[in-house]
Amino acid sequence: MRLLTHNMLASNIKGVANGFPLKIEVGQVVEKHVDLNPEFLKNMFAKLDYKVLVEASKTMGYADLPEQAEPSMLESEDFLRKLNHALLELHLEEGALVCPETGRKFPVNKGIPNMLLHEDEV
Amino acid sequence: MKLKQLEGLLGSLEQFSNPKIEFEQYPTGPHIASRMLYTAENSFGDVSDKVVADFGCGCGTLGLAAALLGAEHVVGFDIDADSLEIARDNADELEVDMEFVQCDIRNLSWNGQIINTIVMNPPFGTRRKGADMDFLSVALKVVASESVYSLHKTTTRDHVRRTALRDCNARSAEVICELRYDVPQLYKFHKKKEVDIAVDLWRFVPQGKQ
Ligand SMILES: C[S@@+](CC[C@H](N)C(=O)[O-])C[C@H]1O[C@@H](n2cnc3c(N)ncnc32)[C@H](O)[C@@H]1O
């Protein structure tokens, strides 16, 4: 699971008011190369929750993203590379996503998060 | 990539080994899948460099077609772990990146507007009435920011249009073409070897966006 996917998933348990962002528990992280696509990254930057990405990538062991970012930084190739790495190249292969409100764990196995709910959570 | 080439690649994919009747697991055939994604890309520019989601992705045919046509990030959602495993192997086989999430589309929780395009072949609702409209509603109201491509039985055309425009706030709902869908004889209650039904390929645009 890439951190771009993490940036859109939320906990869907009944009664949870604020299920975003899910915390990450790392078992194993893998990296896969993705060619730099500056236009795509610019579009994404406008839409994603950057703070959540910074925290998530730190949890995954990558701390090079600046804490704060603004659109003008998208002109810098150095920043684009870091963004590309954090957003698309890091994968949570094993571990869990954790509901920020209830602490319920959604397991991630072979890169696939299981967000299915138990009967009493729907 | 040429249409024929895309269809050929999709034709080589592994399909459901033990289809589960309650989830309406029948594969979106290579003919339909290739035309669906080819049209989305070449007539509307909704695929390359986009973030694409495949709802009820099964063995991944539609999402993988999007990846082959240059989508930057593709996520497939399905309720069934066995199908997702086949889909992941299909992605490895094609050497493309596709992500997967196991979930029930009906209670998907979501943040933001990152997904541009949704492609889906929802359950037609023959097992559980309204299953197709559940998918459409989540796609249009919760997740997609630019467009939704979906297949629905031609016999339900008026109902689909009304539901999309009135209940799901779609800005537009357009039938792009009518296709023949072979539902193979996977299940005992299908008497004929193959049931060939007419389906519409729809393109919806959600509200408040482009
Ligand atoms: C008609 S098949 C689509 C097949 C897929 N496009 C393919 O080519 O393999 C419908 C799919 O939706 C999935 N499904 C059914 N109900 C679901 C639900 N409530 N949430 C998520 N997936 C569901 C089934 O497991 C099945 O894979």
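The values are calculated or read from the model by the stated rules, or taken from the named source; none is laboratory data. Note that the structure is predicted; figures quoted are calculated from it, not measured. Every residue, glycine as well, gets a Cβ built from its backbone with ideal geometry; the counts of neighbours run over all protein chains shown. The accessibility values were calculated without ligands, DNA or RNA, using every heavy atom of the protein model including side chains. Shrake-Rupley method; radii C 1.70, N 1.55, O 1.52, S 1.80 Å.
Over chain B, give the accessible area per residue in Å² for a 1.4 Å probe, as an integer.
Values: 8850 Å² over 210 residues.
Using a 1.4 Å probe on heavy atoms only, each residue of chain B averages 42 Å².
Work out, step by step, the length gained on full extension between B:Ser172 and B:Asp49: first 0.36 nm times the residue separation, then minus their alpha carbon distance; give nm to one decimal.
Additional length available on full extension: 42.0 nm.
Which FRET efficiency, nearest 0.05, do B:Thr126 and A:Glu39 yield, Cβ-Cβ r, R0 45 Å?
It comes out at approximately 0.60.
Got the relative contact order for chain A handy, in percent, Cα pairs under 8 Å and 6 or more residues apart?
That works out to 39 percent.
What number in nm² do you get for the protein assembly as shown if you take the convex hull of its Cα atoms and divide its surface by four?
Its average projected convex-hull area is 16.6 nm².
So how much accessible surface do B and A hide from each other in total, probe 1.4 Å, in square angstrom to the nearest 100?
Using a 1.4 Å probe on protein heavy atoms, the buried area is about 2400 Å².
Residue by residue, what Karplus-based ³J(HN,Hα) values in Hz, rounded to whole numbers, does region B:123-129 have, using 6.51, -1.76 and 1.60 with θ = phi - 60° and x for Gly and Pro?
Result, rounded to whole Hz: x, 6, x, 7, 8, 10, 4.
Name the GluC sites (Glu not before Pro) in region B:1-79 that are in a loop by DSSP and that have at most 15 other C-beta atoms within 10 Å, would you?
Hits after loop and neighbour filter: B:Glu14.
Tell me what chain A gives for mean residue ellipticity at 222 nm when only DSSP H runs of n ≥ 4 count, each as -39,500 (n - 2.57), the sum divided by the residue total, rounded to 500 deg cm²/dmol.
Working: 4 runs with 32 residues, N = 122.
Theoretical 222 nm ellipticity from helices: -7000 deg cm²/dmol.
In the Gaussian network model of chain B, springs joining C-alpha atoms below 10 Å, which of B:Gly63, B:Gly130, B:Gly76 carries the largest mean-square fluctuation?
Of B:Gly63, B:Gly130, B:Gly76, the most mobile in the Gaussian network model is B:Gly130.
Using alpha-carbon positions, what is the distance between the centroids of region B:15-88 and region A:71-94, in Å?
Taking the Cα centre of each part, region B:15-88 and region A:71-94 sit 26 Å apart.
List the pair-distance distribution P(r) of chain A, using every Cα-Cα distance, as the percent of pairs falling in each 5 Å bin from 0 up to the bin containing the longest distance, rounded to whole percents.
2, 11, 21, 22, 18, 12, 8, 4, 1, 0
Could you work out, residue by residue across B:64-74, how many beta carbons of other chains sit within 10 Å of that residue's beta carbon, and then give the average as an integer?
That average works out to 2.
To the nearest whole number, what is the average tally of beta carbon atoms from other chains within 10 Å of the beta carbons of peptide B:77-83? Present the calculation step by step, with values, prior to reporting the outcome.
Values: counts 1, 1, 1, 1, 4, 0, 0.
For peptide B:77-83, the averaged partner shielding equals 1.
Can you bin region A:63-102 into rounded, prolate or oblate? Criterion: square roots of the alpha carbon gyration tensor eigenvalues sorted a ≥ b ≥ c, rounded for a/c under 1.5, prolate for a/b above b/c, oblate for the rest.
Details: a/c = 3.69, a/b = 1.85, b/c = 1.99.
Judged from the Cα gyration tensor, region A:63-102 comes out oblate (a/c at least 1.5, b/c at or above a/b).
Modelling each spin label as a point 7 Å along the Cα-to-Cβ direction, I'd like the B:Leu165/A:Val29 distance in nm, to one decimal.
Spacing of the two 7 Å Cα→Cβ label points: 5.0 nm.
Pairs A:Lys42/B:Lys153; A:Lys14/A:Lys110; A:Lys82/B:Lys50; A:Lys14/A:Lys47: which are spaced more than 30 Å apart, C-alpha to C-alpha?
Table pairs above 30 Å Cα-Cα are A:Lys42/B:Lys153.
So what is the 222 nm mean residue ellipticity for chain B from helices alone, if each DSSP H run of at least 4 adds -39500 (n - 2.57) and you divide by all residues, rounding to the nearest 500 deg cm²/dmol? Don't skip to the end; give the middle numbers.
On the way: 6 runs with 58 residues, N = 210.
Calculated from helices alone, the mean residue ellipticity at 222 nm is -8000 deg cm²/dmol.
Rounded, prolate or oblate: which fits region B:3-206, taking a ≥ b ≥ c as square roots of the Cα gyration tensor eigenvalues, rounded meaning a/c under 1.5, else prolate when a/b beats b/c?
Verdict is rounded for region B:3-206.
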